[in-house]
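The values are calculated or read from the model by the stated rules, or taken from the named source; none is laboratory data. Computed from a predicted structure; not experimentally measured. Glycine gets a Cβ as well: all are built from the backbone with ideal geometry, and neighbour counts include every protein chain shown. SASA here: full protein model, heavy atoms, side chains in, ligands and nucleic acids out. Shrake-Rupley method; radii C 1.70, N 1.55, O 1.52, S 1.80 Å.
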Amino acid sequence: MKRGLWFGTNWKMNMTPGLARQWTDTVTAYMQNMPSDHRLFVMPPYPLIPQLLRDTEGTGLIVGAQNCHWESRGPYTGEISPALLKEIGAHNVLLGHAERRKQFDETDEVIGRKVSAALHAGLGVVLCIGEGATLKGKQTETRQFLEQQLAVALRDIPSIQPERLVVAYEPVWAIGVGGQPPQAEEVADALSSIRQTINQMVDECVPIVYGGSVTLQNGRSLLTKTETDGLFIGRHALDPSTFIQIIETAVGERSEVE
Ligand code: PEP
């Protein structure tokens with residue numbers, strides 16, 4: 001079994017305080033018997049962050065935000081600064097998600113500013129990168145595209161402390177309802193080229209996780225047939241029991257469910 005695996009989820013604009021409590025109760029109970037070198041992280045909507053931090057204190061669950069601004073204060077109505085996230089105790093922040101790139105016009109440059117600001121504020125960062133459907137299957141172009149996303153996003157970063165940066169490879173063609181379920185062979189090449197690029201840019205060993213239509217059926221093959229350091233799971237992790245089943249099946253602690 002691979003060691004030191006990362007499993008995370010982004011709740012997007014889902015969940016309620018009550019559902020969040022059920023989720024954290026179930027997942028933190030599971031974490032008591034989980035291998036100690038595995039890391040679990042969750043990105044709830046902003047108002048639920050304090051509740052999750054309170055309810056999961058001391059459990060090791062990493063609780064982060066789904067976005068932040070690049071400035072630490074100022075006239076940015078509706079935005080949240082990395083400094084404030086840090087002050088309320090958030091551990092990390094998700095940046096570069098495909099939905100923010102598409103629906104909120106976030107460019108690589110904007111994401112780069114946010115990555116740098118978040119790391120400077122002392123937050124961890126889960127940085128999403130991934131090519132769109134027009135590049136599906138085109139290896140050379142995909143490599144160049146991913147290299148470019150990484151180069152801009154990581155241009156101004158301070159030296160990375162261990163476990164401060166996680167890169168999530170999320171091909172846009174695989175994400176969400178309507179996304180095409182990925183085959184491990186399709187993602188293996190992209191993951192190894194991301195690994196090569198990151199090794200040239202950063203001294204620290206940066207975990208790279210895969211995200212996009214991860215299910216109970218494909219989690220194990222994605223984990224074992226690629227160089228991924230873990231899985232980033234969206235809609236199939238909203239149910240805490242399914243999230244746990246995906247993790248256990250992927251790492252081989254329970255047999256695959258039909
Ligand atoms: C995502 O949108 O980042 C994601 C991984 O979603 P899903 O697992 O639902 O495809």
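Taking the charge dipole of region 55-146 about its Cα centre, with +1 at Lys and Arg Cβ atoms and -1 at Asp and Glu Cβ atoms, the residue from VAL125, THR142, VAL63 reaching farthest to the positive side is THR142.
Separation of region 58-115 from region 173-230 is 23 Å, based on Cα centroids.
A full extension of the chain between SER159 and GLN144 corresponds to an added length of 3.0 nm, given 0.36 nm per residue minus the alpha carbon distance. Remark on LYS136: its backbone amide H falls under 5 Å from none of the residues 5 or more positions apart or on other chains, H modelled at 1.01 Å from N. The residues of region 98-222 expose on average 45 square angstrom of accessible surface per residue, using a 1.4 Å probe on protein heavy atoms.
Which value at 222 nm does the chain reach when only helices count, each DSSP H run of 4 or more adding -39,500 (n - 2.57), with the total divided by all residues and rounded to the nearest 500 deg cm²/dmol?
-12000 deg cm²/dmol
Using heavy atoms of the protein chains and a probe of 1.4 Å, the accessible area assigned to LYS2 is about 60 Å².
Compute the Rg/Rh shape ratio of region 6-257: radius of gyration over Kirkwood radius, all on alpha-carbon atoms. Result for region 6-257 is an Rg/Rh of 0.94.
If I stretch the segment between THR224 and ARG21 completely, what's the gain in nm (0.36 nm per residue apart, minus their alpha carbon distance), one decimal? Display every interim value, and only then the final one.
Values: separation 203, 0.36 × 203 = 73.08 nm, distance 3.17 nm.
Result: 69.9 nm gained on full extension.
Take the Cα radius of gyration of region 1-137 and divide it by 2.2 N^0.38 Å, N being the number of residues; the result is 1.10.
In percent, rounded to a whole number, the relative contact order of region 6-257 is 18, using alpha-carbon pairs under 8 Å and six or more apart. Label positions at LYS2 and LEU53, each projected 7 Å from the Cα along the C-beta direction, are separated by 3.0 nm. Modelled spin-label separation between LYS102 and GLU185, with each label point placed 7 Å from Cα along the Cα-to-Cβ direction: 2.7 nm. Considering only protein heavy atoms and a 1.4 Å probe, what is the carbon-and-sulfur percentage of the accessible area of region 6-257? In region 6-257, the share of accessible area belonging to carbon and sulfur is 49 percent. Cross-link partners of LYS86 among lysines, defined as those whose alpha carbon lies under 30 angstrom from its own and excluding same-chain residues fewer than eight positions apart: LYS12, LYS102, LYS114.
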